[in-house]
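*Asks:* The structure that follows is given in the form of structure tokens.
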Amino acid sequence: MDLILKVGVLIVVLVVVISVVWLLASHQKSGQLTQSQAEQLVLSDVKQSNPNATISVVSVTNSPLEANSWQITLSVTYNGSRPCPTLLIEGFDYPATGLVPSTDNLYTKGCVIYGLSNAPSYVISSPEIAIVRSYTANSATITHYVSTYGYNNTIVHAAFYSSLGANATPLGKQFSNVWLVNYSAAGTSYNLLAVLAQSGQIQGTYNSSK
């Protein structure tokens, strides 16, 4: 009789355990990740793997692989304000394919722009590429500025302009679809600016007082 009672209790316990597991699984399945949650999880993982990089979200779209998954594209930048930053673009489909990048493209590293050999069809699409291109475009003015004040002492920023009026720069010309690359070094009284076409040609350089 005791044996029958023990077997009965064991069966009841097993039923309870199975029911709890089933409920938890059902809840997990129904509690899908939101776009924001997926984005934050991917960002957190990439930041942990690249602690010294600047990481930003390029785009987030619905996954073509499965519902409630997201295609998340990130830019990973090292030394973003130096004359030769490194730019990596990583794409994830999360949670469909986990935290392994589905795309992993290196755009710039070590003063090299990958794919620039296709110029003039090449289109500069990011500040980091514009910075590297301006620095490696064999401009004696830019080379002299950086070598005079030091590579590690020079801060560089780039911004895209669909239009620059003739009065916007001392060059006295109107520009369309250009990058304005700004070189600044501590201890100097002026910045050096370069107007760069999207295909990579320098349209002109000029000094600007700080």
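The values are calculated or read from the model by the stated rules, or taken from the named source; none is laboratory data. As the structure is a computational prediction, the values presented were derived from the model and not from experiment. Using ideal geometry, Cβ is built from the backbone for each residue, glycine included, and neighbour counts are taken over all protein chains shown. Only protein heavy atoms, including side chains, enter the accessible area calculation; ligands, DNA and RNA are left aside. Shrake-Rupley method; radii C 1.70, N 1.55, O 1.52, S 1.80 Å.
*Asks:* Express in Å², to the nearest 10, the accessible area of K47 obtained by rolling a 1.4 Å probe over the protein heavy atoms while all chains stay in place.
*Replies:* Number for this one is 110 Å².
*Asks:* Between Q174 and S199, what FRET efficiency follows from the Cβ-Cβ distance if R0 is 30 Å, with the result rounded to 0.05? Provide the component values of the computation, followed by the final result.
*Replies:* On the way: r = 18 Å, r/R0 = 0.59.
The calculated FRET efficiency here is 0.95.
*Asks:* Starting from the residue with the highest accessible area, list L196, L88 in decreasing order, probe 1.4 Å.
*Replies:* Ranked list, largest accessible area first: L88, L196.
*Asks:* Using Cα-Cα distances under 8 Å and only pairs 6 or more residues apart, what relative contact order does the range 95-210 have, in percent?
*Replies:* Details: 181 pairs, mean separation 26.1, N = 116.
It comes to 23 percent, rounded to a whole number.
*Asks:* Once you place label points 7 Å from the Cα toward the Cβ at S81 and K109, how far apart are they in nm?
*Replies:* Between S81 and K109, the simple spin-label model gives 2.5 nm.
*Asks:* Could you list which residues have their amide H under 5 Å from that of Y190, counting only those 5 or more apart in sequence or on another chain, with H placed in the peptide plane?
*Replies:* Long-range HN contacts for Y190: K210.
*Asks:* Multiply the residue gap between L99 and F160 by 0.36 nm, knock off their C-alpha separation, and tell me the result in nm, one decimal place. Could you put the intermediate results ahead of the total?
*Replies:* Numbers: separation 61, 0.36 × 61 = 21.96 nm, distance 3.20 nm.
Value of the extension gain: 18.8 nm.
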